[in-house]
1. Find the centroid of the Cα atoms in region 287-302 and in region 120-183, then give the distance between the two in whole Å.
2. With only alpha-carbon atoms counted, please give the Rg and Dmax of region 119-223, in Å.
3. Summing Lys, Arg as +1 and Asp, Glu as -1, what charge do residues with Cβ under 12 Å from the Cβ of Q100 carry, Q100 excluded?
4. Report the rotationally averaged projected area of region 240-312 based on its alpha-carbon convex hull, in square nanometres.
5. At 4 °C and a viscosity of 1.567 mPa s, what translational diffusion coefficient does Stokes-Einstein give for region 10-57, taking Rh as the Kirkwood radius over Cα pairs? Give it in µm²/s as a whole number.
6. Charges only on Cβ, +1 for Lys and Arg, -1 for Asp and Glu: so what's the dipole of region 1-90 about the Cα centre, in debye to the nearest 20?
7. Output the 0 to 90 degree angle, nearest 10, between the alpha-carbon long axis of helix 115-124 and the longest principal axis computed from the alpha carbons of the chain.
8. Compute the angle between helix 2-25 and the longest alpha-carbon principal axis of the chain, please, reported from 0 to 90 degrees and rounded to the nearest 10.
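The values are calculated or read from the model by the stated rules, or taken from the named source; none is laboratory data. What you see is a predicted model, and the numbers here were worked out from it, not measured in a lab. Here the Cβ positions follow ideal geometry from the backbone for every residue, glycine too, while neighbour counts run over all protein chains shown. We work out accessible area using only protein heavy atoms, side chains counted, and drop any ligands, DNA or RNA first. Shrake-Rupley method; radii C 1.70, N 1.55, O 1.52, S 1.80 Å.
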Amino acid sequence: ILATMVRSEARQFRQFADEVRQGLTEVPKKLDPKYLYDSLGSALFDAICCLPWYRIARAENQLLSRKASELADKIGAPVRIIELGCGSGEKMVTLLRACQTFRKKTSVHLVDVSSTALAWSEQRLREFEKTLVVTHQLDYEEGLQMASAHRRPEETLLVMFLGSNLGNRDTLSSIELLQRIRNKLEVGDALLLGIDLVKPEEELLKAYDDPLGVTAAFNKNLLLRINTELGGNFNLDHFKHRIIWNHAAARIEMHLVSTKNQAVLIPLADCKASFTIGESIWTESSYKFEIQTIVDLVEKANFCSCEQWVDQEARFALTLF
């Protein structure tokens, strides 16, 4: 087991180094948003979810709390729940309490790239002593493969993909991931998808560039992670957090903008990156949807929509496929 863990960590390190080198030599420069979530990044994102300007987590939790019993009643038993991007585990707790009410035998597989998020979730789920909890520190695709393996014939699968995490991908990448999920499911299985909706630009900008600067710290922490893990020499004071609402693409874009002409060395990634003043690293996209476009997108992956619950004030939707 220890040897397997060491090999996995070495592989993740090489992947991080390779993707940083590739991303910082592209035009425009880009980094995968999954790398925002190291231990500090996970803690900062948890703080973001508490901010009054970022309503996604609260709206989703409230919807799930109101509809958990209805959802638990719809899914078969025994059920294996796979959560892609488990975060702190709060939403899983809500659903498991509802499953207990219906006395459904349940097992849980948590998938996240953050070891911190997995540890938090495991801690929260300890109240469910009779529920098997398995963690997978992997990205969505690899985690889904592991979490769905060795399925028993009598099990129903429920995949939870919440927090509007699908919105970090463009349309083609989203459909490809949804098709991978669909390929692991059988008739009677389900996908529960949480997606943020289009809302006024001012509200969106403040949600991703909050007055306290927590989201800016979350974004800049990616540079700190590169310095710490890959030996980089980014000066965080020479980059600023910038948010753009791309109306045509219906997405928030998160950038780190160079405030001067500079060169950065990242020895363990075998990378030297040059920046001109005003040049940015594109660190995250967050696509926003209309209600019908959610259904249209997921049905392209051969799902059928079953139920949809919408918080009209916060503009957030939970959809069961």
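1. Here the two parts' Cα centres lie 19 Å apart.
2. 17.4, 51
3. Numbers: positive: R97, R103, K104, K105, K130; negative: E127, E129.
Local charge sum for Q100: +3.
4. Seen from a random direction, the Cα hull of region 240-312 projects 8.3 nm² on average.
5. The Stokes-Einstein estimate is 103 µm²/s.
6. Charge dipole of region 1-90: 140 debye, to the nearest 20.
7. The helix 115-124 is inclined about 30 degrees to the chain.
8. On a 0 to 90 degree scale, this one is about 50.
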